[in-house]
Amino acid sequence: MITPRLYRRRITWVASLVALFLLYHFFSLRSDLDAPAVAARTKTSQNANTSPNANADSSTNQNANSNANNGEKAQDRPICPPLPGMEDVLVVLKTGVTEALDKVPVHFQTTLRCVPNYVIFSDHDEEIAGVRIHDALRNMPDEALKQSIPDFNIYNRIRSMGRAGLAQDDFSDVANSALGKPDNPGWKLDKWKFLPMAMGTYKYKSDAKWYVFMEADTYFVWGSLLAWLENFNPEDPLYIGTETQIADVIFAHGGSGFVVSNPAMKRVVDEYSVKSNEIHAYTAGHWAGDCVLGKILLDVGVPLHFSWPMLQNTAVAELDEFSPDFYRRPWCYPAVAFHHLSALDIQSLWEFEQKRYKESRKTLLLHGDVFKERIYPELAPDRSYWDNLSTEEHSVAIDTYEDCQALCATAPQCLQFTFRAGRCYTNKTPKLGRSSADSSSGWIMKRVDGMLASAPKCRRPDFG
C-alpha cells in the first residue's frame, strides 16, 4: 500500500519528468523552425561582407561581383594569382577587322583578365565588349601611301564606311603557304601594321620596361613569362622571340609572341620617325611585317635573342615535348606562349591554369608539366574519331585500324598510330592531336609511360 506522502512524491517526480520532456521538445522545435532563417542570415552576411580585392583590376572586380550576384560559389570564381613584375609590362595584342569579333572577346575573360596594362591594335577603330580597339595604321606618317597601294583597299573601305564596307571575300580563310596568305585582303594589309603599331605602343605607355606582343590566336602563361624575364636586364636593348628566317633576315615570329625592352622600342620608334619613307618602300616589297620589324631592329643594333621552345609557333595539340630533332629539348624549359589557338582552346588553357593554381599555387609552367598534366591524361590505347597527328606513312597493305595498331605494337620504337582516311601513320614520339571525323588513333601506353619515367626531373627551370 502506497502512503499519501509517497504518492505525492511520486506524482511530483513524474510531473517534473514530463515538464522537462515538454520543455526539451519545445526548444528543439523552435531550433528547427529558426534554422533556415539563421542559415539565410549567415549567407547574406557573408555575401555582404565579401568585397573584391582592392589590388585587383576593375574588370576582375566587376566579374567577381557579377558571379557573386549569380550565386556562383566563391571557390569557383576566377582568380588572379600574384604576378610580381606584371605592372612593368605592356601587353600589345594585334588583330584585324575581319577576325576581331570572333577572336578578341575571349581574351577579356582569360589572357588579359589579370593584366594591368594592355592595348589592342587593329586596322579599324572600334569598341569590342566596351574595350577600345585602336587603328594602328593611323600612326603612319604618309597618308598618300594608303591611297596608292592596293594592299590598303580594304582599309580605305572600312575607314570610310566602317564594317559596312567589308565584302564577303574579305573573310576568306585561305590556307597558309610558304609566302603566307597572298589572296587574303586582311593578311596583305597586316604587314603594314608592325611599325605604326610600335609607334602607337610607345606613345601609349613610354615607361613600360617590357613590351610583349601577341596575336589574337596566341595564349601567354604570364607566370612563366615573368620568371623568364627575370633573367634579362630591361635596361638593355633586347628583342626576344622564336627565331624565323626569310632570306638573310632572322626575326621573331609574330604569332608566337615576342618581347621588346624599352630601350629597343625607343630605337625602333626613332628610326621609323626619320626613315618612314625608306621603311615603307621596304615593306611594300616584302610579305611579312614581323620580318620588317626584325630588319629594323637589326639595323638599329638589336639582333634577335632566340627563345625556342619558350614561345611556341604551335598549339598544345601539336606539341612534341620529347622531340630530339631541335637544338633544345623542351622538357625543362618554361612554356610561355602557344599559337594557332581557337577561342575554345584559349578558354580551355585559362581554365587549366585556374585549376592548377587553385590546387598547387603554381604559376610557372614547364613543358614537362604540359605533357604530364595536359597531354598525358588524354592519351589512351584507342581513341575513335581522333587524329594524333602521326606523320610516318606506311605504304604496305594495311586496310584496317586493327592492322595499323598491330603494326605499331610490333615496331619497338613506335609510340602512337593513326588510321586516317584509310591509311596508316605512326610516330616515335607522342602528340595529343585533335578530333577528326575520318581518323582513329591510339598510343602504346607502356612505351609512353617508359618515356615519361625516363624524362628529366627538372630540379630547376632551364631558361637557356
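The values are calculated or read from the model by the stated rules, or taken from the named source; none is laboratory data. Since the model is a prediction, treat every value here as computed from it, not as a measurement. Cβ coordinates were reconstructed from backbone atoms using ideal geometry, including for glycine residues, and neighbour counts include every protein chain displayed. Areas reflect the complete protein model, heavy atoms only, side chains present, ligands, DNA and RNA absent. Shrake-Rupley method; radii C 1.70, N 1.55, O 1.52, S 1.80 Å.
Residues are listed down the side, and each one gets a yes or a no for (1) open to solvent by less than 70 Å² (accessible area, probe 1.4 Å); (2) under 22 Å from ILE346 (Cβ atoms):
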| position | (1), (2) |
| --- | --- |
| VAL115 | yes, yes |
| GLU126 | yes, yes |
| VAL131 | yes, yes |
| ASP135 | yes, no |
| ARG157 | no, no |
| ASP170 | yes, no |
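Among residues of the stretch 379-393 that are in contact (Cβ under 8 Å) with a residue 60 or more places away in the chain and farther than 12 Å from GLN405 by Cβ, those with a beta-carbon under 7 Å from a residue that is part of a loop (DSSP other than H, G, I, E, B) and not hydroxyl-bearing (Ser, Thr, Tyr) at least six positions away or on a different chain give the pairs LEU379/PRO430; LEU389/LYS431; LEU389/GLY433. Filtering the stretch 310-320 down to residues that are open to solvent by less than 10 Å² (accessible area, probe 1.4 Å) and touching a residue at least 60 places away in the same chain (Cβ under 8 Å), which residue is nearest to CYS414 (Cα to Cα)? Among those that are open to solvent by less than 10 Å² (accessible area, probe 1.4 Å) and touching a residue at least 60 places away in the same chain (Cβ under 8 Å), it is LEU319. Taken over the stretch 419-464, the criterion of being in contact with a strand residue (DSSP E or B) (Cβ under 7 Å, 6 or more places away or on another chain), free of Cβ contacts under 8 Å to residues at least 60 places away in the same chain and under 13 Å from LEU379 (Cβ atoms) is satisfied by ASN427, SER441. Checked against the criterion of being within 30 Å of PHE108 (Cα to Cα) and charged (D, E, K, R), the candidates ARG383, ARG329, ARG361 yield just one match: ARG361.
Which members of the stretch 326-348 meet the condition of being assigned to a loop (DSSP other than H, G, I, E, B) and on the phi < 0 side of the Ramachandran plot?
Scanning the stretch 326-348 gives PHE326, TYR327, ARG328, ARG329, TYR333, ALA335, VAL336, HIS339, LEU341, SER342.
Residues are listed down the side, and each one gets a yes or a no for (1) at pLDDT 95 or above; (2) of a type in the set (A, V, I, L, M); (3) open to solvent by 60 Å² or more (accessible area, probe 1.4 Å):
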| position | (1), (2), (3) |
| --- | --- |
| PHE322 | no, no, no |
| HIS340 | yes, no, yes |
| LEU344 | yes, yes, yes |
| GLU359 | yes, no, yes |
| GLU373 | yes, no, yes |
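Got a sec? Which of GLU351, GLU321 is part of a helix (DSSP H, G or I) and out of contact with any Asp or Glu (no Cβ under 7 Å at 6 or more places or on another chain)?
GLU351
Could you tell me whether any residue of the stretch 444-451 is among the hydrophobic types (A, V, I, L, M, F, W, C), assigned to a strand (DSSP E or B), open to solvent by less than 40 Å² (accessible area, probe 1.4 Å) and under 28 Å from LEU344 (Cα atoms)? Among the residues of the stretch 444-451, not one is among the hydrophobic types (A, V, I, L, M, F, W, C), assigned to a strand (DSSP E or B), open to solvent by less than 40 Å² (accessible area, probe 1.4 Å) and under 28 Å from LEU344 (Cα atoms), which makes the answer no. Residues in the stretch 416-464 that are among the polar types (S, T, N, Q) and in contact with a Pro (Cβ under 6 Å, 6 or more places away or on another chain): GLN416 alone. Do you know which residues across the stretch 419-464 are of a type in the set (Val, Ile, Thr) and more than 27 Å from LEU366 (Cβ to Cβ)? THR426, the sole residue that qualifies. Only strands (runs of 3 or more DSSP E) whose full extent lies in the stretch 209-309 are considered here, and the ones with at least 2 residues that are among the β-branched types (Val, Ile, Thr) and open to solvent by less than 20 Å² (accessible area, probe 1.4 Å) are 258-261. Take the stretch 419-443 and flag every residue that is surrounded by 12 or more Cβ atoms within 10 Å (Cβ to Cβ) and of a type in the set (Gly, Ala, Ser). Of everything in the stretch 419-443, those that are surrounded by 12 or more Cβ atoms within 10 Å (Cβ to Cβ) and of a type in the set (Gly, Ala, Ser) turn out to be GLY433, SER436, SER439, SER440, SER441, GLY442. Evaluating HIS394 against the criteria (1) open to solvent by 30 Å² or more (accessible area, probe 1.4 Å); (2) out of contact with any Cys (no Cβ under 7 Å at 6 or more places or on another chain) leaves one unmet condition, (2). If the condition is being under 27 Å from ARG361 (Cβ atoms) and open to solvent by less than 30 Å² (accessible area, probe 1.4 Å), then the stretch 84-113 contributes GLY85, MET86, VAL89, LEU90, VAL91, VAL106, HIS107, PHE108, THR110, THR111, LEU112, ARG113.
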